[in-house]
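Please read the structure below before turning to the comments.
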Amino acid sequence: GCMMNGKLYPLGNIERTEFCHECDCDKDAMHCCSLFFTPRHYDIKKCKVILNRKSCDSDVVQKDDPSKVCSSFGRV
């Protein structure tokens, strides 16, 4: 198997890890691709990106109030 973030995965294809990656585990290595995208155009002073592990989406929220969503283009 392969270890990732302290968890042992079986050999072969892993459709989705707990951190939203699709991976292939073979005897020599583990190769993974992200199942979500990270937004790039938002107000980095006021907002932050958090990973929603249930939906494998990235949410851009206000740093001082994570219950409020930020615009992905720098406007709140």
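Do any of 7/45; 45/68; 27/54 go past 22 Å between their Cα atoms, and which?
On the way: 7/45 34 Å; 45/68 15 Å; 27/54 29 Å.
Where the Cα-Cα span goes over 22 Å, the pairs concerned are 7/45; 27/54.
For the chain, which cysteines have no second Cys with its Cβ under 4.7 Å from theirs?
Within the chain, the cysteines lacking a partner Cβ under 4.7 Å are 33.
Please work out which option in (i) 1.23; (ii) 1.13; (iii) 1.19 gives Rg/Rh (Cα atoms, Kirkwood Rh) calculated from these coordinates, and answer with its label.
Answer by label: (ii).
With every protein chain kept in place and ligands, DNA and RNA left out, what is the accessible area per residue of the chain? Probe 1.4 Å, answer in Å².
Solvent-accessible surface per residue comes out at 74 Å².
For residue 63, which aspartates and glutamates qualify as cross-link partners when the Cα separation must be under 14 Å and same-chain residues fewer than eight apart are set aside?
Cα-Cα hits under 14 Å: 43.
The values are calculated or read from the model by the stated rules, or taken from the named source; none is laboratory data. Keep in mind that this is a model prediction, so the values were computed, not measured. Cβ atoms come from the backbone with ideal geometry, glycine included; neighbour counts cover every protein chain shown. SASA here: full protein model, heavy atoms, side chains in, ligands and nucleic acids out. Shrake-Rupley method; radii C 1.70, N 1.55, O 1.52, S 1.80 Å.
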